[in-house]
Amino acid sequence: MKKITILLLVVSAFSCKNTQNIASKNNSDPSKYIEKISEKNLKEMLYVIASDEMEGRETGSKGQKKAGLYMIEQYKKNGTPFPKGATDYYQHIPASYLNARRNENLQDSENIWAYIEGSEKPDEVLVISAHYDHVGIQNGEIYNGADDDGSGTVALLEMAKAFAKAKKEGHGPKRSVLFLHVTGEEHGLHGSRYYSEHPLFPIANTIADINIDMIGRRDVEHAKTNNYVYVIGANRLSSDLHNAVVSQNEKYIKIDLDFKFNDPKDPNHFYERSDHYNFAKHGIPAVFFFNGVHEDYHGKDDIAEKIEYDALTKRTKLAFVVAWELANGAKRPIVDKK
Ligand SMILES: [Zn+2]
């Protein structure tokens, strides 16, 4: 009796281990984790990030640092550590760097980072970026920056939660994922430029950047529906990146992908105007998700009450499934264009 029991235990322990191994290799379907992206959570967090308490998150301000602490608290809560090789969740940027190009008397500020280590190719890193600074207080009015870029900020937090959950259940990404909240965007993309010049992981091992800046509203071109997102830059360096966006959307999200602003001749030049550009200029394939500008862009009424949370959720899910594919695909996206 006893012997058999022991034998059975050994056998079942083995088969259990086997199942887990197979499961961790088979990350083809993210459906279960797409559902972890919750509209309710996104809304709850955005109401905090864009609250008056954060005083418009001016680079280096007390309000921005408070927002940063709240973000770190969320990462700790959802089980996403700071990156390997760092000592905490901060990448410190001295005021001298922030004021070097144009002295705007900015104070020291920080990028904030969190990290999920890859299970098979931990040295290959996908960056997902969004800026968390905004324009602060002007003429006594707080500019809350709910869409710009509170929306991208909470999208990263929610995506990290889904990846952390997947990892806990044996479905962690094959490659590493770095969640990078950059500062100083509104003053000239300073935080992302600083990261690209002082990268925690080698640029050569950085497989792509997914940048999210303003995904919670709609523009006048899409007055009838918020079921769209502008996709900018995906095909500029890598056909693989473009194909990943198109096919993951088709499979899981089915939102209208609008490529209008991806035209290099478009006079708005959005490709050069947000943080992904500091990755692209180093040859890293980058895609920028964006809802276009609206009447409250850089206005005092860019507030949490005006966010369309269904759209924010759908676009976050799109960024998540693209990230999932890039982190789990057989090959990293090939750079096949100049
Ligand atoms: Zn922005």
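Are any residues in region 192-216 part of a loop (DSSP other than H, G, I, E, B), of a type outside the set (D, E) and under 17 Å from the mean Cα position of the chain (by Cα), and if so, which ones? Listed by number, the residues that qualify are P199, L200, F201, M214, I215, G216.
Looking only at region 104-123, which residues are among the polar types (S, T, N, Q) and either assigned to a strand (DSSP E or B) or buried (at least 20 other Cβ atoms within 10 Å of the Cβ) (or both)? Across region 104-123, the qualifying residues are S109, N111.
A quick yes/no check of all residues on (1) farther than 16 Å from L42 by Cα; (2) in contact with a Pro (Cβ under 9 Å, 6 or more places away or on another chain); (3) among the hydrophobic types (A, V, I, L, M, F, W, C):
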position: V125; (1), (2), (3): yes, yes, yes
position: S151; (1), (2), (3): no, no, no
position: L156; (1), (2), (3): no, no, yes
position: G172; (1), (2), (3): yes, no, no
position: H190; (1), (2), (3): yes, no, no
position: T206; (1), (2), (3): yes, yes, no
position: M214; (1), (2), (3): no, no, yes
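Here's a check for you: in region 84-103, which residue that is small (G, A, S) and not in a helix (DSSP H, G or I) is surrounded by the most Cβ atoms within 10 Å (Cβ to Cβ)? Filtering first and then ranking leaves A86.
Within region 232-240, can one find any residue that is assigned to a strand (DSSP E or B), within 16 Å of the ligand (Cβ to nearest atom) and either in contact with a Phe, Trp or Tyr (Cβ under 9 Å, 6 or more places away or on another chain) or touching a residue at least 12 places away in the same chain (Cβ under 8 Å) (or both)? Can you show your working first?
Step one: of region 232-240, the residues assigned to a strand (DSSP E or B) are 232.
Next, only the ones that are within 16 Å of the ligand (Cβ to nearest atom) stay: 232.
Next, from what is left, pick out any that are either in contact with a Phe, Trp or Tyr (Cβ under 9 Å, 6 or more places away or on another chain) or touching a residue at least 12 places away in the same chain (Cβ under 8 Å) (or both): 232.
Yes, because at least one residue in region 232-240 is assigned to a strand (DSSP E or B), within 16 Å of the ligand (Cβ to nearest atom) and either in contact with a Phe, Trp or Tyr (Cβ under 9 Å, 6 or more places away or on another chain) or touching a residue at least 12 places away in the same chain (Cβ under 8 Å) (or both).
Is it true that some residue in region 145-167 is among the hydroxyl-bearing types (S, T, Y) and not in a helix (DSSP H, G or I)? Please lay out each step first, then the result.
The initial filter retains those residues of region 145-167 that are among the hydroxyl-bearing types (S, T, Y), namely 151, 153.
Checking the rest, the ones that are also not in a helix (DSSP H, G or I) come to none.
No, the conditions are met nowhere in region 145-167.
For D133, state whether it is within 16 Å of the ligand (Cβ to nearest atom) and crowded, with 24+ Cβ neighbours inside 10 Å. Yes; evaluated as a whole, the condition is true for this residue. Here N103 fulfils each of the conditions (1) modelled with pLDDT under 95; (2) closer than 19 Å to L200 by Cα apart from (2).
Considering only residues that are in contact with a strand residue (DSSP E or B) (Cβ under 7 Å, 6 or more places away or on another chain) and within 14 Å of I34 (Cα to Cα), look in region 303-338 and name the one that is surrounded by the fewest Cβ atoms within 10 Å (Cβ to Cβ). First the steps, then the outcome.
Pass one, region 303-338, residues in contact with a strand residue (DSSP E or B) (Cβ under 7 Å, 6 or more places away or on another chain): 315, 318-319, 322-323, 326-327, 332-333.
When the remaining residues are screened for being within 14 Å of I34 (Cα to Cα), the result is 315, 318-319, 322-323.
Working: R315: 28, L318: 27, A319: 27, V322: 27, A323: 25.
Among them, the one singled out is A323.
Looking only at residues of region 217-232 that are under 20 Å from the mean Cα position of the chain (by Cα) and among the aliphatic types (A, V, I, L, M), we find that the one that is farthest from T313 (Cα to Cα) is I232.
The condition of being surrounded by 15 or more Cβ atoms within 10 Å (Cβ to Cβ) and either among the small types (G, A, S) or closer than 14 Å to I232 by Cβ (or both) holds for only one of N291, N278, that being N291.
Which residues, counting only those in region 176-215, are of a type in the set (A, V, I, L, M), within 11 Å of the ligand (Cβ to nearest atom) and either touching an Asp or Glu at 6+ places or on another chain (Cβ under 6 Å) or farther than 24 Å from N235 by Cβ (or both)? Spell out the reasoning first.
Of all residues in region 176-215, those of a type in the set (A, V, I, L, M) come to 177-178, 180, 182, 189, 200, 203-204, 207-208, 210, 212, 214-215.
Filter once more, keeping what is within 11 Å of the ligand (Cβ to nearest atom): 182, 189, 212, 214-215.
V182, L189, M214 - these are the residues of region 176-215 that are of a type in the set (A, V, I, L, M), within 11 Å of the ligand (Cβ to nearest atom) and either touching an Asp or Glu at 6+ places or on another chain (Cβ under 6 Å) or farther than 24 Å from N235 by Cβ (or both).
For region 1-83, the helices (runs of 4 or more DSSP H) that sit wholly inside it and include 3 or more residues that are at pLDDT 95 or above and touching a Lys or Arg at 6+ places or on another chain (Cβ under 7 Å) are 62-78. Of all residues in region 219-229, exactly one satisfies the criterion of being within 16 Å of the ligand (Cβ to nearest atom) and crowded, with 19+ Cβ neighbours inside 10 Å, namely V229.
Scan region 136-163 residue by residue and report those that are near the ligand (Cβ under 10 Å from one of its atoms), among the small types (G, A, S) and touching a helix residue (DSSP H, G or I) at 6+ places or on another chain (Cβ under 8 Å). Those that are near the ligand (Cβ under 10 Å from one of its atoms), among the small types (G, A, S) and touching a helix residue (DSSP H, G or I) at 6+ places or on another chain (Cβ under 8 Å): G145, G150, S151.
The values are calculated or read from the model by the stated rules, or taken from the named source; none is laboratory data. Note that the coordinates shown come from a computational prediction; the quantities given were computed from them, not determined experimentally. Glycine also receives a Cβ, built like all others from the backbone with ideal geometry; neighbour counts cover every protein chain displayed.
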